[in-house]
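Asker: First the structure, then my questions, so here it is.
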Amino acid sequence: MADQQAVLEVKNLKKYFPVKEGILKRTKNHVKAVNDISFEVQEQETFALVGESGCGKSTTGRSILRIIEPSEGEVFFKGVNLLDYSKREFRKMRKDLQLIFQDPYSSLNPRMTVKKLLLEPLLTHGTTNKKEAEQKVVEIAERVGLSKEQINRHPHEFSGGQRQRISIARALILNPQLVILDEAVSALDVSIQAQILNLLIELQKDLKLTYIFISHDLNVVKHISDRVGVMYLGQMMELSNTEDLYSNPLHPYTQSLLSAIPSHDPSVKKERIILKGDVPDPANPPSGCPFHLRCPKAYEKCAMEKPAFIEKEQNHWVACHLYE
Amino acid sequence: MKSFFGRLRKDKVGLIGFLGIFIVILIGLLSPVIAPYSPEQMFTDHTMEGPSKQFIFGTDEFGRDIFSRIIYGTQVSLKVGIIAVGIGAGCGLIFGLISGYFQGKVDQVIMRVMDVFFAFPDILLALAIVAVLGPSLTNTMIAIGIVFTPVFTRTVRAAVIAVKENEYITSAVAIGVSPLNIIFKHITPNILAPFIVQITLALSGAILTEAALSFLGLGIQPPNPSWGVMLDASRTYMEFAPWTILFPAGAIVFTIFCFNLFGDSLRDILDPKMK
């Protein structure tokens, strides 16, 4: 996939949330939710962002779409920096960049019928021909597996899986190029997860979509993604092809994450790498490598110096002093 | 709508309130038909008479039929209540939506102004506004409308902030819906429940405030029939002609009671957690 063109290029993205204290609400500190992240997403690939909760993967996704305004950095979509647009101008750009949410229960307006929910993106982006729009709604609804009769119902009449199909239809009706799936299947049952994942893979092929798949579920990520970025405390620790990453994890954090994947075969004895301690407070990140306090292989240098993000093997990037 | 009446039927207290309001509104609409006399017609040889067959609620110091005056007073009360609450709810909705949606500095400014209004007791604030504008029917309605604006602003703002947390708002932002459309298509329909409850409760408050203002001589001006005006006029005679004060007071109590009963049950019915 390396020879393909990058659709999205994220450069040194940072999002700091101010911590305000005292009566005067003066900014005392910052929570560094996303701390200098760079990556590229190729055309029609699925790029996964993984990490434990609070590592900043969702914030990264939302910063790219400017749902949350990033503090610093650049986000190039097909060569233009999305952060250069004014908010009003950027609204038009949203047509190509869509977001699918985790919770299928709160992400659909309970007062709108499925038809209205699906018409809204079209009407927002200038479709005036009502017949054509309604035709499109029926088409996309059927494409994601909803029947024509169901589109006049309200979201509460559907199950979680069906609601997620509605969300997908709502995101895809505008023919976007990049779709960010923020834990899109995490709230669903395993059997439903598989259905939705397969639907997403099918749609990606048919509609030539590019996905950024944000998840904490390593099995799901292995199934769907082409490349994976591992995040810890707002920073990218390792980035590689899915195959390479799962078979040959370089970073000690990735190694311990992968050792925690439950196996389908109970007879296989896996050696688990149990990490000590908790994730540090992102408002006061440790010096040097953010992982050094919990790293089983840490040495003096780790506490002093932040490791550079280097290409250790071809297309296999890692930020760790062990490989410098 | 169907389920609304279904649930109201089960709530007997709320139903009584609803029927009471219905009767009051009917009386207001059909005043000329129900009232036996004109509210201003004076029967000079029947002044200060107790209830009788001819005048079922008795007559006042000018020989006017109290029953007819109460019936016509219903019109005044409802008119003032509805228009004043309309003003308050309208302004409150706009300020509340702006305040809750944009937050930040705009919110701070709006809410601090509302806090200033909140600091005064309702009746005192209404009195002050009427004193500035001059007593009349229109100014009474404006004054009561202003008095009720802060309550509505707060109710709406709180509801907007709660609704804004839902992911369907973020979803609308992600799709590129303009802030104005988000406010009117996504937020407003989802805050209607607390807003409507506040309207019913404010209606009784507005009717009561009008009566109080009129009683103090700064609301509706005599000889217009208003329950408050009637109370004010009969204050001096109430010891030897209690009917002059009992019946208008009863009308106020009945109306307020019905609105409050209905408002309380509406709050239960519209609470999404009860569904």
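Matching residues to (1) of a type in the set (G, A, S); (2) crowded, with 19+ Cβ neighbours inside 10 Å; (3) touching a residue at least 60 places away in the same chain (Cβ under 8 Å); (4) not in a loop (DSSP other than H, G, I, E, B):
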| site | (1), (2), (3), (4) |
| --- | --- |
| A:I168 | no, yes, yes, yes |
| A:P176 | no, yes, yes, no |
| A:I180 | no, yes, yes, yes |
| A:A184 | yes, yes, yes, no |
| A:I196 | no, yes, no, yes |
| A:L200 | no, yes, no, yes |
| A:Y211 | no, yes, yes, yes |
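Asker: Now for a separate question. For the subset of the range B:167-187 comprising residues that are under 21 Å from B:Q198 (Cβ atoms) and touching a residue at least 12 places away in the same chain (Cβ under 8 Å), which member is farthest from the other protein chains (Cβ to nearest Cβ)? Walk me through it before giving the result.
Answerer: Residues of the range B:167-187 that are under 21 Å from B:Q198 (Cβ atoms), as a first pass: B:183-184, B:186-187.
Next, only the ones that are touching a residue at least 12 places away in the same chain (Cβ under 8 Å) stay: B:183, B:186-187.
On the way: B:I183: 13, B:H186: 6, B:I187: 10 Å.
Only one residue fits best here, namely B:I183.
Asker: Which of the residues belonging to the range B:196-220 are outside any helix (DSSP H, G or I) and surrounded by 21 or more Cβ atoms within 10 Å (Cβ to Cβ)?
Answerer: B:L218, B:G219, B:I220
Asker: Still on this model: Only one of B:R157, B:R235 is more than 30 Å from A:A169 (Cβ to Cβ), charged (D, E, K, R), in contact (Cβ under 8 Å) with a residue 40 or more places away in the chain and touching a helix residue (DSSP H, G or I) at 6+ places or on another chain (Cβ under 8 Å); which?
Answerer: B:R157
Asker: Hey, among the residues in the range A:274-285 that are over 25 Å from the mean Cα position of the chain (by Cα) and not β-branched (V, I, T), which one's farthest from A:K28 (Cα to Cα)?
Answerer: Across the range A:274-285, the extreme among qualifying residues is A:K276.
Asker: Which condition does B:N139 not pass, out of (1) part of a helix (DSSP H, G or I); (2) in contact (Cβ under 8 Å) with a residue 24 or more places away in the chain; (3) more than 11 Å from chain A (Cβ to nearest Cβ), if it passes all the others?
Answerer: (2)
Asker: It is to be established whether one or more residues within the range A:296-309 are out of contact with any strand residue (DSSP E or B) (no Cβ under 7 Å at 6 or more places or on another chain) and of a type in the set (D, E).
Answerer: So far as the range A:296-309 goes, yes, one or more of its residues are out of contact with any strand residue (DSSP E or B) (no Cβ under 7 Å at 6 or more places or on another chain) and of a type in the set (D, E).
Asker: So, one more: Please enumerate the residues belonging to the range A:213-242 that are among the β-branched types (V, I, T), under 23 Å from A:P290 (Cβ atoms) and surrounded by fewer than 24 Cβ atoms within 10 Å (Cβ to Cβ). Write out each step before concluding.
Answerer: Initial filter on the range A:213-242 (among the β-branched types (V, I, T)): A:214, A:220-221, A:224, A:228, A:230, A:242.
Filter once more, keeping what is under 23 Å from A:P290 (Cβ atoms): A:214, A:221, A:228, A:230.
Selection gives A:V221 alone.
Asker: Restricting attention to the range B:191-227, and to residues there that are at pLDDT 90 or above and within 26 Å of A:M112 (Cβ to Cβ), which single residue is nearest to the other protein chains (Cβ to nearest Cβ)?
Answerer: B:I191
Asker: Right, here's the next one. Can you find even one residue in the range A:278-290 that is modelled with pLDDT of 90 or more, within 16 Å of A:C320 (Cβ to Cβ) and in contact with a strand residue (DSSP E or B) (Cβ under 6 Å, 6 or more places away or on another chain)? Break it down into steps so the answer makes sense when it comes.
Answerer: We begin by selecting, within the range A:278-290, every residue modelled with pLDDT of 90 or more; these are none.
For the range A:278-290, residues modelled with pLDDT of 90 or more, within 16 Å of A:C320 (Cβ to Cβ) and in contact with a strand residue (DSSP E or B) (Cβ under 6 Å, 6 or more places away or on another chain): absent.
Asker: One residue is enough: does the range A:118-125 have a residue meeting the conditions among the aliphatic types (A, V, I, L, M), within 11 Å of chain B (Cβ to nearest Cβ) and touching a residue at least 60 places away in the same chain (Cβ under 8 Å)?
Answerer: Taking every residue of the range A:118-125 in turn, none turns out to be among the aliphatic types (A, V, I, L, M), within 11 Å of chain B (Cβ to nearest Cβ) and touching a residue at least 60 places away in the same chain (Cβ under 8 Å).
Asker: Oh, and also: In the list A:N315, A:N284, which residue meets the criterion of being touching a helix residue (DSSP H, G or I) at 6+ places or on another chain (Cβ under 8 Å) and surrounded by fewer than 18 Cβ atoms within 10 Å (Cβ to Cβ)?
Answerer: Going through A:N315, A:N284 in turn, just one is touching a helix residue (DSSP H, G or I) at 6+ places or on another chain (Cβ under 8 Å) and surrounded by fewer than 18 Cβ atoms within 10 Å (Cβ to Cβ): A:N315.
Asker: For a quick check of your reading: which helices (runs of 4 or more DSSP H) sit entirely within the range A:215-323 and have at least 1 residues that are under 26 Å from A:L188 (Cα atoms) and in contact with a Pro (Cβ under 9 Å, 6 or more places away or on another chain)? Working first, answer last.
Answerer: On the way: elements: A:218-224, A:242-247, A:252-259, A:300-304.
Passing ranges, in order: A:218-224, A:252-259.
Asker: Quick check on this structure: which one of A:S191, A:S159, A:S186, A:S147 is under 18 Å from the mean Cα position of the chain (by Cα), away from chain B (no Cβ under 12 Å) and over 25 Å from B:F184 (Cβ atoms)?
Answerer: A:S186
Asker: Further question: If you take the residues of the range A:134-144 that are under 24 Å from B:I182 (Cα atoms) and surrounded by 17 or more Cβ atoms within 10 Å (Cβ to Cβ), which of them is farthest from the other protein chains (Cβ to nearest Cβ)?
Answerer: Checked the range A:134-144; the qualifying residue farthest from the other protein chains (Cβ to nearest Cβ) is A:A141.
Asker: Could you list, ordered by first residue, the pairs with Cβ atoms under 7 Å in which the first is in the range A:300-320 and in contact (Cβ under 8 Å) with a residue 12 or more places away in the chain and the second is part of a strand (DSSP E or B) and among the aromatic types (F, W, Y), at least 6 apart or interchain?
Answerer: A:F309/A:W317; A:I310/A:W317
Asker: Testing A:K131 on (1) farther than 26 Å from B:I187 by Cα; (2) surrounded by 22 or more Cβ atoms within 10 Å (Cβ to Cβ); (3) of a type in the set (K, R); (4) free of Cβ contacts under 8 Å to residues at least 60 places away in the same chain, one condition comes back false. Which one is that?
Answerer: All conditions pass for A:K131, except number (2).
Asker: Report, by residue number, each residue of the range B:159-183 that is under 15 Å from A:F90 (Cα atoms), of a type outside the set (V, I, T) and outside any helix (DSSP H, G or I).
Answerer: If the condition is that a residue be under 15 Å from A:F90 (Cα atoms), of a type outside the set (V, I, T) and outside any helix (DSSP H, G or I), then B:G176, B:S178 are the ones that fit.
Asker: For the subset of the range B:33-62 comprising residues that are within 18 Å of B:A251 (Cα to Cα) and surrounded by fewer than 17 Cβ atoms within 10 Å (Cβ to Cβ), which member is modelled with the lowest pLDDT?
Answerer: This residue is B:G50.
Asker: Taking into account only those residues within the range A:88-109 that are closer than 13 Å to A:F158 by Cα and more than 7 Å from every other protein chain (Cβ to nearest Cβ), which is surrounded by the fewest Cβ atoms within 10 Å (Cβ to Cβ)?
Answerer: Per the criteria, the residue is A:Y105.
The values are calculated or read from the model by the stated rules, or taken from the named source; none is laboratory data. In this text the structure is predicted, and so the values were computed from the model without any measurement. Backbone-built Cβ (ideal geometry, glycine too); neighbour counts: all protein chains shown.
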